[in-house]
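Q: Before we start, here is the structure in question, set down as structure tokens.
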Amino acid sequence: MQPDILRQLLAAVAQGTVPPDVAFERLWDDFEPVEEFAKLDHQRSLRTGFPEVIWGPGKTPEQIVKIMQTMRLVQPVVMATRIEPEVYHQIQAHIPDAVYYKQPRIVAIAPDNLIPYQPGTMTLLSAGTADLAVAEEAAVTAELCGFRVERLWDVGVAGIQRLLQHQELVREADVLIVVAGMEGALPSVVAGLTSCPVIAVPTSIGYGANFGGLAPLLTMLNSCAAGIGVVNIDNGFGAAILAGQILRTAARMSDRP
């Protein structure tokens, strides 16, 4: 909401001409335009618990810069996903304090000492090293959203003993994000070892019959293990947000009398 419009709204509430509930609804639904190409949803965190995040592909570096510069005025953490290195260098020229997470291709403006403040811990597992770009997208997203993260990489079913050596970590998890390509069997195995929710993330890693992630996606959807939710192919970001909603909902319910 533009400052002059916000002042007018607050003045109207103070004068009694606009009820507080009506003002709240206006703030709830408000957005801020950025030139002619974007409308920023500053109230998204108020509605959903998480701020708007910038999807990088399809935007020019100049557009990303302008969006990030506008967003940083109203929120402490600004995040853009799927940013290639050459695009980041152009962003950095205008936003020197922007941090680049190379493996998950995330650019962020955030405090130097980002301390977890959200409830619970997300435990992330990857089947193989080749799945780490997607797994790290989930991990970094979770950390930027204020969650504590545990990482357990390269524990796929081809060497199941690697996973079984960490059964205690799996059993004690609050919510699990399991990232796997190839045939995508790891979430089914993990779900049989724990009582917490399991979010499965299929990746596009695999040979031809993997069909760009379709094979593990179908495996995860057809899992015989109960308690698995599946997000889209390579969608580490979406998995982290879903896990965050689960943890925040659990904390809210625990506070109820």
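The values are calculated or read from the model by the stated rules, or taken from the named source; none is laboratory data. Remember, it's a predicted structure, so these values are computed and weren't measured experimentally. When we count neighbours, we look across all protein chains shown, and the Cβ atoms used for this are built from the backbone with ideal geometry, even at glycine. For the accessible areas, the whole protein counts, side chains as well, though only heavy atoms, and no ligand, DNA or RNA atoms are used. Shrake-Rupley method; radii C 1.70, N 1.55, O 1.52, S 1.80 Å.
Q: Say a site is exposed when it is one of the chymotrypsin sites (Phe, Trp or Tyr not before Pro), sits in a DSSP loop, and has at most 16 other Cβ atoms within 10 Å; what is then the longest site-free stretch of the chain?
A: Values: sites that count: F31, F37, Y117, Y207.
Here the longest run is 118-206.
Q: If you don't mind, there's one more thing I want to ask. Let me know the shape class of segment 51-120, please: from the alpha-carbon gyration tensor, a ≥ b ≥ c as square roots of the eigenvalues, rounded when a/c is under 1.5, otherwise prolate if a/b is greater than b/c, or oblate. Write out the running numbers ahead of the final one.
A: On the way: a/c = 1.70, a/b = 1.49, b/c = 1.14.
Prolate shape, in that a/c is at least 1.5 and a/b is the bigger ratio.
Q: Relative contact order (percent) for the chain, with alpha-carbon contacts under 8 angstrom and 6 or more residues of separation?
A: Numbers: 474 pairs, mean separation 32.2, N = 257.
In percent, rounded to a whole number, it is 13.
Q: Once you sort the root eigenvalues of the Cα gyration tensor of segment 96-175 as a ≥ b ≥ c, which label holds: rounded (a/c under 1.5), prolate (a/b larger than b/c) or oblate (the other case)? Intermediate values should be presented prior to the final figure.
A: Numbers: a/c = 3.70, a/b = 1.54, b/c = 2.40.
Here segment 96-175 falls in the oblate category.
Q: Counting only heavy atoms of the protein chains, get the accessible area per residue of segment 63-187 (1.4 Å probe) and round it to a whole Å² value.
A: For segment 63-187, the per-residue accessible area is 44 Å².
Q: With a cut-off of 8 Å between alpha carbons and a minimum separation of six or more residues, what is the relative contact order of segment 89-177 in percent? Don't skip to the end; give the middle numbers.
A: Working: 122 pairs, mean separation 26.9, N = 89.
That works out to 30 percent.
Q: Counting Lys +1, Arg +1, Asp -1, Glu -1, what net charge surrounds F237 among other residues with beta carbon under 13 Å of its beta carbon? Write out the running numbers ahead of the final one.
A: On the way: positive: R82, R105; negative: E52, E136, E137, E143, D234.
Cβ neighbours under 13 Å give a net charge of -3.
Q: Do you know the relative contact order of segment 146-209, to the nearest whole percent, from alpha carbon pairs under 8 angstrom that are 6+ apart?
A: Numbers: 72 pairs, mean separation 18.7, N = 64.
Once normalised by length, the contact order is 29 percent.
Q: Which three lengths, in whole Å and largest first, does segment 27-179 cover when its Cα atoms are put on their principal axes?
A: Here the spans come out as 55, 35, 26 Å, largest first.
Q: Once every Cα of segment 177-257 carries one equal point scatterer and solvent is ignored, give the base-10 log of I(q)/I(0) from the Debye formula at q = 0.12, 0.14 Å⁻¹, two decimals.
A: Cα-only, vacuum Debye calculation for segment 177-257: -0.35, -0.46.
Q: So, one more: Can you work out the FRET efficiency for the pair E62 and A209, with r the C-beta to C-beta distance and R0 = 41 Å, to the nearest 0.05? Can you show the working numbers first?
A: Working: r = 41 Å, r/R0 = 1.01.
Computed FRET efficiency for E62 and A209 comes out at 0.50.
Q: Moving to a separate point now. About its Cα centre, what dipole magnitude does the chain give when the only charges are +1 on Lys and Arg Cβ and -1 on Asp and Glu Cβ, stated in debye to the nearest 20? Can you show the working numbers first?
A: Values: 18 positive and 27 negative charges, 71 e Å.
Around 340 debye, computed over the chain.
Q: Also, quick follow-up: Quick one, can you get me the convex hull of the C-alpha atoms of the chain expressed as volume per residue in Å³? Could the numbers behind the result be given before it?
A: Working: hull volume 40.8 nm³, N = 257.
Convex hull of Cα atoms, per residue: 159 Å³.
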